[in-house]
Amino acid sequence: MLLVETRLQISPVHGLGLFAAQFLYRDSLIWRFQQGFDLALTLEEIASLSEEAQRQLFHYSYFEPNRDVFILCSDDARFMNHADTPNCLDYISSDGQLAMKALRDIRPGEELTCDYRIFGEDLDFQAQPGSWIEGLYAMRQAALKASLLDEQHLK
């Protein structure tokens, strides 16, 4: 769940993006997984959904290898775009929950970005219609192989 003020607008990175609507200091907590608000779904749960639901999850969720679940943000955080040099960092908090913080001071109007590769996502991978579940499976496998979401990487 987003913990700071943001807004959606056209992104120079891709489509819509998430932009800061307030000044964010370095290390400010921006987002935190909130059970009951955000969704955490297993691959098996996703497989039981319609093809259209699987397509939406392929585009808007990401895989969290520590819990072996796909996370779907229930707010505008799902519009955060990738950057090779992001201004936000996903990490596992001391209580084991996925969270995101600012890597540096962020001014109002700046796009909030994260590095999708931390979850093992192949940015060039495109699922074909009818293969959304296979695409999600491939995303999961890449994330498990990369296993970048660990204490060493997040320091």
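The values are calculated or read from the model by the stated rules, or taken from the named source; none is laboratory data. Since we're looking at a predicted model, the values are computed, not measured. Ideal geometry is used to build each Cβ from the backbone, glycine not excepted, and the neighbour counts take in all protein chains shown.
Take the residues in region 51-90 that are buried (at least 20 other Cβ atoms within 10 Å of the Cβ) and aliphatic (A, V, I, L, M), then tell me which one is farthest from residue 9 (Cα to Cα).
Out of the qualifying residues, it is 69.
Being over 17 Å from residue 4 (Cβ atoms), modelled with pLDDT of 90 or more, under 16 Å from the mean Cα position of the chain (by Cα) and assigned to a strand (DSSP E or B), is that true of even one residue in region 41-61?
Yes, there is a match, as at least one residue in region 41-61 is over 17 Å from residue 4 (Cβ atoms), modelled with pLDDT of 90 or more, under 16 Å from the mean Cα position of the chain (by Cα) and assigned to a strand (DSSP E or B).
Please enumerate the residues belonging to region 24-45 that are in contact (Cβ under 8 Å) with a residue 12 or more places away in the chain, exposed (fewer than 15 other Cβ atoms within 10 Å of the Cβ) and over 21 Å from residue 96 (Cα atoms).
The answer is 25, 26.
Looking only at region 13-35, filter to residues that are in a strand (DSSP E or B) and aliphatic (A, V, I, L, M); which one of those is farthest from the chain's Cα centre (by Cα)?
24
Go through (1) buried (at least 17 other Cβ atoms within 10 Å of the Cβ); (2) among the hydroxyl-bearing types (Ser, Thr, Tyr); (3) free of Cβ contacts under 8 Å to residues at least 12 places away in the same chain for residue 48 and report which single condition fails.
All conditions are met except number (1).
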